[in-house]
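The values are calculated or read from the model by the stated rules, or taken from the named source; none is laboratory data. Computed from a predicted model, the values in this text were never measured in an experiment. FYI the Cβ positions are ideal-geometry reconstructions off the backbone, even for glycines, and counts take in every protein chain you see. What goes into the accessible areas is simple: the full protein's heavy atoms, side chains included, and nothing from ligands, DNA or RNA. Shrake-Rupley method; radii C 1.70, N 1.55, O 1.52, S 1.80 Å.
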Amino acid sequence: MGRIAYDEEQAAAFAAGRGLGLGGLGAWRDAVARHLPAEPGVRLLDLGAGTGTWSAAFRQWFDADVLAVEPAAAMRARCAYPGVVGGRAEALPVAGASLDGAWISTVIHHLPDLAAVAAELRRALRPGAPVLIRSVFAGRGGGVSLFRWFPEALRVLETYPSVAEVCAAFGTAGFEPVALESVPQVSAPSLAVAAADLRRAAHTPLVLLDDADYERGVVRLRVAAERAPLAPVVDSLDLLVLR
């Protein structure tokens, strides 16, 4: 994977600062349910599973059989989902035509060869199975509070793949887009918690900022938290679905 390595420092920061409570993810449950086969035991790939939040959610929500794949050893060591395995998006440790769907959450910008990833997913997925991509795409960061406090990080976002670029790359493997929607979530119970839990190393756009821009953003966030400490942090990310 690219952009950042998820070494020990970054993995620890991610585990400490990127936790999502399932109680704030109801809209994501509903959105995924509209596209994922409904029967218990559906076999789902969680590609770039990280600390296992989504793998655990799909097990709880849908009684899914989740294959959690995470390339970074430091992240796997912190994964709460049992049975997480190492692997690369271009060479998945799974038999052909054996998966009912693939979930890729805030990972697509780490994959330098999207066409190769698409080809591998085409191999691994059963015919008609969906690829569900949760991301902030280039040009579509308006629903994410991080960019309110760190507007300079929008420059980093513009280096991420756009929806059109992802669709074009996956189109080379025969995938077609079937849905694009903005899905809200409660990212933190309050601004005070968001400010206290912020870890630069946990957020790719912040890692790639220069130090002065980062420090200015920290000040903005702390001022906002002082003015409205109990305000929940509600973000909206995109869900792009291809088949």
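Out of the range 76-109, which residues are under 23 Å from SER162 (Cα atoms), surrounded by fewer than 19 Cβ atoms within 10 Å (Cβ to Cβ) and not β-branched (Val, Ile, Thr)?
Applying the first criterion (under 23 Å from SER162 (Cα atoms)) to the range 76-109 yields 88-90, 101-109.
Next cut, surrounded by fewer than 19 Cβ atoms within 10 Å (Cβ to Cβ) only: 88, 90, 106.
Answer for the range 76-109, where residues must be under 23 Å from SER162 (Cα atoms), surrounded by fewer than 19 Cβ atoms within 10 Å (Cβ to Cβ) and not β-branched (Val, Ile, Thr): ARG88, GLU90.
How many residues are assigned to a helix (DSSP H, G or I), open to solvent by 60 Å² or more (accessible area, probe 1.4 Å) and farther than 25 Å from SER105 by Cα when one looks only at the range 183-235?
Within the range 183-235, residues that are assigned to a helix (DSSP H, G or I), open to solvent by 60 Å² or more (accessible area, probe 1.4 Å) and farther than 25 Å from SER105 by Cα number 8.
Do we find that ALA153 is open to solvent by less than 10 Å² (accessible area, probe 1.4 Å) and either among the aromatic types (Phe, Trp, Tyr) or part of a helix (DSSP H, G or I) (or both) in this structure?
Details: open to solvent by less than 10 Å² (accessible area, probe 1.4 Å): yes; either among the aromatic types (Phe, Trp, Tyr) or part of a helix (DSSP H, G or I) (or both): yes.
For ALA153, the condition - open to solvent by less than 10 Å² (accessible area, probe 1.4 Å) and either among the aromatic types (Phe, Trp, Tyr) or part of a helix (DSSP H, G or I) (or both) - is met.
Where in the range 1-95 are there helices (runs of 4 or more DSSP H), lying fully within it, with 1 or more residues that are modelled with pLDDT of 90 or more? Before the answer, list the steps.
Details: elements: 8-17, 26-33, 53-62, 73-76.
It comes to 26-33, 53-62, 73-76.
Here is a check on your reading of the model: is LEU208 among the aliphatic types (A, V, I, L, M) and under 27 Å from ALA31 (Cβ atoms)?
Working: among the aliphatic types (A, V, I, L, M): yes; under 27 Å from ALA31 (Cβ atoms): no.
Here the answer is no, as LEU208 does not meet what is asked.
Within the group ALA38, ALA73, which residue is open to solvent by 10 Å² or more (accessible area, probe 1.4 Å) and either basic (Lys, Arg) or under 29 Å from ALA116 (Cβ atoms) (or both)?
Values: ALA38 fails: either basic (Lys, Arg) or under 29 Å from ALA116 (Cβ atoms) (or both).
Checking each option against the conditions leaves just ALA73.
Hey, can you tell me all the residues within the range 173-212 that are of a type outside the set (A, V, I, L, M, F, W, C), closer than 22 Å to VAL32 by Cβ and in contact with a helix residue (DSSP H, G or I) (Cβ under 6 Å, 6 or more places away or on another chain)?
At the first step, the residues of the range 173-212 found to be of a type outside the set (A, V, I, L, M, F, W, C) are 174, 176-177, 181-182, 184-185, 187, 189-190, 197, 199-200, 203-205, 210-211.
From what's left, closer than 22 Å to VAL32 by Cβ: 176-177, 181-182, 184-185, 187.
If the condition is that a residue be of a type outside the set (A, V, I, L, M, F, W, C), closer than 22 Å to VAL32 by Cβ and in contact with a helix residue (DSSP H, G or I) (Cβ under 6 Å, 6 or more places away or on another chain), then PRO177, PRO184, GLN185 are the ones that fit.
Taking the condition surrounded by fewer than 22 Cβ atoms within 10 Å (Cβ to Cβ) and on the phi > 0 side of the Ramachandran plot, does ASP63 pass? I'd like the intermediate steps shown before the answer.
Details: surrounded by fewer than 22 Cβ atoms within 10 Å (Cβ to Cβ): yes; on the phi > 0 side of the Ramachandran plot: yes.
Criteria met by ASP63.
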